[in-house]
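Undergrad: Could you have a look at this structure, given as structure tokens, before my questions?
What follows draws every value from the coordinates through simple rules; no lab data is involved. Given the structure is predicted, the values throughout are model-derived calculations rather than measurements. Heads up, the Cβs are rebuilt from the backbone with ideal geometry, glycines too, and the neighbour counts pull from every protein chain shown.
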Amino acid sequence: MTRLWNEPADFADEMIDGFVAANERYVRRVPGGVARSTTSPAGQVAIVIGGGSGHYPAFGGLVGPGLAHAAAMGNLFASPSAQQVYAVAKAADNGGGVFFTYGNYAGDVLNFDAAQERLRAEGVACETVTVTDDVFSATRDEKHKRRGIAGDLTVFRAVAAAAEAGYDLGEVARIGRLANERTRSFGVAFTGCTLPGAAQPLFSVPEGRMAIGLGIHGEPGIAESDIPSADGLAELLVQKLLTEVPDGIEVEAARVVPVLNGLGSLKYEELFVVYRRVAQLLTDAGIDIVDPHVGEYCTSFDMAGVSLTLFWLGSAEEDDELETLWQTAVDTPAYRRGSVAPQERADAAAIASVVETVEPGDEASRSVAQTVLAAVHTLVDTVDEHVEELGRIDAVAGDGDHGIGMQRGSHAALAAAIAAVEAGAGAQTTLERAADAWSDKAGGTSGALWGVILAAVASRLGDQGRPDAASVAAGVAAASRGVTDYGKAEVGDKTLVDALVPFSATLTRAIEAGAGLVDAWRTAADAATRAAAATADLLPRMGRARTHGQNSVGTPDPGAISLALIATAVGETLAASASQKEHAHG
């Protein structure tokens, strides 16, 4: 278990601060993560990697000459926010464009893509390759849906070497696609991992058993078996990966980089015993082993587990571009290969903080802003009350951090809303500030989507006058459309969309039929609650739970449940606010 922390909510930020303090030769702190503390050639493609914290040496530990230029570092097991990714990319840009690469997880895709769109709108050329190396997380016919695990390293290193060699952005992207196609991984775990402050691990494995096909965010395995001997485990890993040889590769005489990765608690001595047999099996298959890696390259806190990655460079008769790139020297805090010449330090210019002024709303809108603030207070209280249950539901087929992420985002939203109201903001600005703070501090899929929801509702409130019930319903409808457009989920995919869409549709119908906002909201909240409960019968088609499929049947979606809980509680706040206004005018 994780034993040392101060406040669990501050763990990631304090970890990054300590990491930078210990590695100033390599990295400097930038908003959202870290960037190289050394200079890079003007015009060189900037390689930006990233993901949630809790996987060291991924991702900050891989920033330095010959590898990444910067890493966006989210909260524990949560993707960095779009704001974080954008800020990190701006700090890394050398004028040659930005290349993003990261593991294929829904929250990461949402937030990195949003940052990429913003950069492109500003004229910065960007390309992306997501890593999809985990063979157990989807079928070969659906490789694009696979997760990225320890194979991140091989893709990161290939594209970074291409950038170092002077390849342009399009060619770096070509190498990224090729390296990803040539990378396959498979892992198992013997125990789950425990987040700082948590009383229990995110999942558990019965004594003497192991989870097969685990994720790196505390997701449970997809199957389970007895723990074999070290040789038996090596045989399981190699045999599975040899059924997944990339197209166009002949096993006989192929050149392969094997990466045996410990997930946090397995001892190096154990890894060496396993690798002994891995090497024998690969050699017996006629494979030429190149630069074997045994150690920790992508961990999951204190998880006891191991994964094997095979990076297929090609055969002796093939063009040796990947192998040539693989020989590029690397010097980072956690990963070194070859000899890198001394690097010039970058200017340690302080990054100026931007203080946004608030344009005051009129008296009527400031009054509505007080209701908005009360609603956000209620939202926070609701999340705090249910945080453990939301985490428990999420752990059935996900990574168990939904409650923590909602708590982190909602508290940030509340702080921003309080500051806005104290500055005299109207309703729209108050809720917009809350939306920005939520998506920035929470990260992950839920952080991005709740940012979309609050911002869409805010857009219909205005900072002048009092919005009518139809305006509020229009804001919720915009939120529903925004979430489906942004997250690509539909009703039936087992996500918060299953609660949000009926909530919005019911609210609009009730108001169009003449109901007041309070009554219409309560009716809509009831519809959302029923719809959220009904997600228990659904098979997930989106997000991390999709990988675990049948495991989640019988358990409702945590995102739908949290939305329904919040909608219900906010309805009571709206009712109380309306009652107070009636008494004030009575």
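Undergrad: What does the convex hull of the Cα atoms of the chain come to per residue, in Å³, rounded to a whole number?
TA: 145
Undergrad: For the residues Trp521, Trp326, Trp5, what sequence is obtained by ranking on other C-beta atoms within 10 Å, fewest first?
TA: So the residues, fewest neighbours to most, are Trp5, Trp326, Trp521.
Undergrad: Next up: Taking a spot 7 Å from the Cα of Asn94 along the direction of its beta carbon, which residues of the stretch 148-187 have an amide N less than 11 Å from it?
TA: 160-168
Undergrad: Also: Show me the three semi-axes of the equivalent ellipsoid for the stretch 363-585, from the C-alpha gyration tensor (sqrt of 5 times each eigenvalue), largest first, rounded to whole Å.
TA: Its equivalent ellipsoid spans semi-axes of 29, 19, 15 Å.
Undergrad: Please turn the phi angles of the stretch 237-242 into ³J(HN,Hα) values with the Karplus equation 6.51 cos²θ - 1.76 cosθ + 1.60 (θ = phi - 60°), one per residue in order, whole Hz, x for glycine and proline.
TA: Each residue's phi maps through the Karplus curve to give 5, 5, 4, 5, 6, 6 Hz.
Undergrad: Okay, helix-only estimate at 222 nm for the chain: each DSSP H run of n ≥ 4 adds -39500 (n - 2.57), divide by all residues, round to 500 deg cm²/dmol; what do you get?
TA: -15500 deg cm²/dmol
Undergrad: Could you give the angle, 0 to 90 degrees to the nearest 10, between helix 11-22's Cα long axis and the longest principal axis of the Cα atoms of the chain?
TA: Taking the Cα atoms of the chain, the angle to 11-22 is about 40 degrees.
Undergrad: Would you mind ranking Arg466, Arg182 so that the residue whose beta carbon has the fewest other beta carbons within 10 Å leads the list?
TA: Arg466, Arg182
Undergrad: Within 10 Å of each residue's Cβ, count the other Cβ atoms and sort Leu313, Leu507 from fewest upward.
TA: Leu313, Leu507
Undergrad: Along the charge dipole of the stretch 359-487, pointing to its positive end and built from +1/-1 on Cβ of Lys, Arg, Asp and Glu, which listed residue (Leu379, Val452, Leu390) has its Cα farthest out?
TA: Val452
Undergrad: Turning to a different aspect of this structure: Treating cross-link reach as a plain straight distance, find the lysines whose alpha-carbon is under 25 Å from the alpha-carbon of Lys143, omitting any fewer than eight places away in the same chain.
TA: Lys240, Lys488, Lys494
Undergrad: Roughly how tilted is helix 497-512, in degrees to the nearest 10 and between 0 and 90, from the longest Cα axis of the chain?
TA: 20
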